[in-house]
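Here is the structure we will look at, set down as structure tokens.
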Amino acid sequence: MRLVSCDRYAARTPASIRARVTELLSRVGITDPALRARQFPHEISGGMCQRVLIAIALAGNPALLIADEPTTALDVTIQAQVLDLLAGLRREQGMSVLLITHDMGVAAQVADRILVMYAGSLVEVAPTAEFFAQPGHPYSLGLIQAVPRVDEARAKRLAAIPGAVPEARDRPAGCPFHPRCPLRLDLCEAQEPELSPAGSGLVACHRSDQVRSDGAVIWAGRTARAGQS
């Protein structure tokens, strides 16, 4: 085995590395970055830890930043700061951001386009405004209708999707969502739908037209149970 040196890093000195670390921490809005660079994770806040991770991701000047649940376990104020930071960095560096989240509010706030996955399959792609106004897949619709709304009575029971996401080894034949879907047909159990044009996006559902036309009542009366998502 022959070791090959990389000229890009060969000239780096401890001082230049410290300067680069300080620069990256400053870019993500961390105060006193020289001090923070010498601290351990347990010595800084959760929001600051998230900023450090973003700084690490930016070190390679990526064209695409993949942010997997960047707001998890943060209070709403810190969430907003992290999302504003990502938006600002995206504009400054001209990079794209792939945000992975279960928070529909976060997705609505920051995304230009929504991609929904279920059981490892992509089931819907749509511009954000169109997705929330008129989703085309029953799973997408169920996720949206399960979010509490401030303009509705508190006594109103939230919609819920029955059952649970299948394990990879027990993935059902046909459409992977059909065991939980109120619109399933025999066709859904036998044939997995392909992504097809729907509005300005794509939907993998044999009954996407009905989801778009009757969305308000499809999940009406469904009740939440433990383990549902």
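Quick notes on this structure:
- Tally, over the stretch 58-71, of residues that are polar (S, T, N, Q) and surrounded by 13 or more Cβ atoms within 10 Å (Cβ to Cβ): 1
- Selection of the stretch 194-207 for residues being at pLDDT 90 or above and open to solvent by 20 Å² or more (accessible area, probe 1.4 Å) yields Glu194, Leu195, Ser196, Pro197, Ser200, Leu202, Cys205, His206, Arg207.
- Figure legend. Inter-residue proximity from the stretch 118-131: first residues under 11 Å from Ala204 (Cβ atoms), second residues among the aromatic types (Phe, Trp, Tyr) and assigned to a helix (DSSP H, G or I), beta-carbon distance below 8 Å, spacing 6+ or different chains. Indicated pairs: Tyr118/Tyr139; Val123/Tyr139; Glu124/Phe131; Glu124/Tyr139.
- Those residues of the stretch 137-151 which are within 19 Å of Ser121 (Cβ to Cβ) and either of a type in the set (Lys, Arg) or not in a helix (DSSP H, G or I) (or both), in sequence order: His137
- Of all the criteria given as (1) over 18 Å from Asp209 (Cα atoms); (2) open to solvent by less than 50 Å² (accessible area, probe 1.4 Å), the one not satisfied by Val147 is (2).
- Cβ-Cβ under 9 Å pairs, at least 6 apart or on other chains, the stretch 205-229 side farther than 20 Å from Ser121 by Cβ, far side modelled with pLDDT under 80 and open to solvent by 80 Å² or more (accessible area, probe 1.4 Å): Gly221/Arg157; Arg222/Arg157; Thr223/Arg157; Ala224/Arg157
- Figure legend. Inter-residue proximity from the stretch 65-94: first residues under 14 Å from Ala107 (Cβ atoms), second residues polar (S, T, N, Q) and surrounded by fewer than 18 Cβ atoms within 10 Å (Cβ to Cβ), beta-carbon distance below 8 Å, spacing 6+ or different chains. Indicated pairs: Glu69/Thr101; Pro70/Thr101; Thr71/Thr101; Leu83/Gln109.
- For Ala108, the requirement of being farther than 30 Å from Glu194 by Cα and part of a helix (DSSP H, G or I) is not met.
- Among the residues here, Ala153 does not qualify as at pLDDT 90 or above and small (Gly, Ala, Ser).
- Residue check, Arg184 at pLDDT below 85, basic (Lys, Arg) and over 24 Å from Glu130 (Cβ atoms): no
- The residue that is farthest from the chain's Cα centre (by Cα), counting only those in the stretch 17-57 that are under 20 Å from Leu83 (Cα atoms), β-branched (Val, Ile, Thr) and open to solvent by 40 Å² or more (accessible area, probe 1.4 Å), is Thr31.
The values are calculated or read from the model by the stated rules, or taken from the named source; none is laboratory data. Not measured: the values here are computed from a predicted model. Note: ideal-geometry Cβ built from the backbone for every residue, glycine included; neighbour counts use all protein chains shown. Heavy atoms of the whole protein, side chains included, go into the accessibility calculation; ligands, DNA and RNA do not. Shrake-Rupley method; radii C 1.70, N 1.55, O 1.52, S 1.80 Å.
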